[in-house]
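A.B. asks: Could you have a look at this structure, given as structure tokens, before my questions?
The values are calculated or read from the model by the stated rules, or taken from the named source; none is laboratory data. Computed from a predicted structure; not experimentally measured. Don't worry about glycine lacking a Cβ; one is built from the backbone with ideal geometry, like all the others, and counts go over all protein chains shown. Heads up: the accessible areas ignore ligands, DNA and RNA and are worked out on the full protein's heavy atoms, side chains in. Shrake-Rupley method; radii C 1.70, N 1.55, O 1.52, S 1.80 Å.
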Amino acid sequence: MMEALRGLGYSTAAALADIVDNSVSAGAGEVRIEFAWAGRASRVSVLDDGRGMDDAELESAMTLGDRSPLDDRATDDLGRFGMGLKTASFSQCRRLTVASVREGETPCCLRWDLDALAARPKDGWLLFEGPAAGSEPFFEPLSGRSRGTLVLWEALDRVVTDGFTTDDFADLIDGVDARLAMVFHRLLQGPCPTL
């Protein structure tokens, strides 16, 4: 099922817009997207200063279809089915890690790793705690914060394909920048005065 969900047809910009939607819904005033080129080990992260999540909320956020579209939701909640974070991320990468901290709570971190699932198909749905070995430094921007969330995409097999170069990565960044500026232009402009 996870592999099938990867084919829902997101562009990188549309997938990142889904992640930013979650940040907006969490009341973030700032969202930072970082692209780090390292060939096949390239990564993308999204850090926000929203209200963050506790353990139970993060586990729910990392669960496929964690809510019914029939449930009542806040007027500023852009999510509907509980699928956006996972489907958007898996359309771009094979490893999704989310770390979060909520005011007064202990930081929490969960990870989906599609390669680990494929290697151990009889072990069921393995949702891991903590970042993958070697990925711990990528969560440093969240440390010291009292609230916020960091989403990390690794193993970008749908982005960094054979022949993909640093110039292609730079072009991707430019395209994402232009698309997100268009999608979120009203939010970026701030409140408009009424006539």
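A.B. asks: Going by accessible area, probe 1.4 Å, with all protein chains left in place, what is the ranking of Phe164, Phe184, largest first? Walk me through the numbers before you get to the answer.
C.D. replies: On the way: Phe164 50, Phe184 25 Å².
Largest to smallest exposure gives the sequence Phe164, Phe184.
A.B. asks: Quick check on the stretch 108-183: take the gyration tensor over C-alpha atoms, sort the square-rooted eigenvalues as a ≥ b ≥ c, and tell me if it's rounded (a/c under 1.5), prolate or oblate. Please report the intermediate quantities before stating the final value.
C.D. replies: On the way: a/c = 2.20, a/b = 1.26, b/c = 1.74.
Because a/c hits 1.5 or more and a/b fails to exceed b/c, the stretch 108-183 counts as oblate.
A.B. asks: Within the set of other residues whose C-beta is less than 10 Å from the C-beta of Ser91, count the net charge using Lys and Arg as +1 and Asp and Glu as -1. Kindly include the intermediate steps, with their values, before the conclusion.
C.D. replies: On the way: positive: Arg6, Lys86, Arg158; negative: Asp18.
Overall, the nearby charge balance is +2.
A.B. asks: Right, next: Under 13 Å from the Cβ of Asp174, count the other residues' Cβ atoms, weight Lys and Arg +1, Asp and Glu -1, and hand me the total. Write down the numbers at each step before the final one.
C.D. replies: Values: positive: Arg179; negative: Asp167, Asp168, Asp171, Asp177.
Neighbour charge sum, excluding Asp174 itself: -3.
A.B. asks: So for each of 108-117, 152-161, 89-98 I average, over its residues, the number of other beta carbons within 10 Å; can you give me the resulting order with the highest mean first?
C.D. replies: Per-residue Cβ counts within 10 Å, averaged per peptide and sorted highest first, yield 89-98, 152-161, 108-117.
A.B. asks: Now a separate question. Along each of the three principal axes of the Cα atoms of the stretch 83-145, give the extent in whole Å, ordering the values from largest to smallest.
C.D. replies: Sorted largest first, the three principal extents are 37, 24, 19 Å.
A.B. asks: May I ask you to give the average projected area over all directions of the convex hull of the Cα atoms of the stretch 13-57, in nm² rounded to one decimal?
C.D. replies: Numbers: hull surface 15.9 nm².
Projected over every direction and averaged, the Cα hull of the stretch 13-57 covers 4.0 nm².
A.B. asks: Mind giving me the nanometre distance, one decimal, between the label points for Ala178 and Arg40, set 7 Å out from Cα along Cα→Cβ?
C.D. replies: For Ala178 paired with Arg40, the spin-label model returns 3.1 nm.
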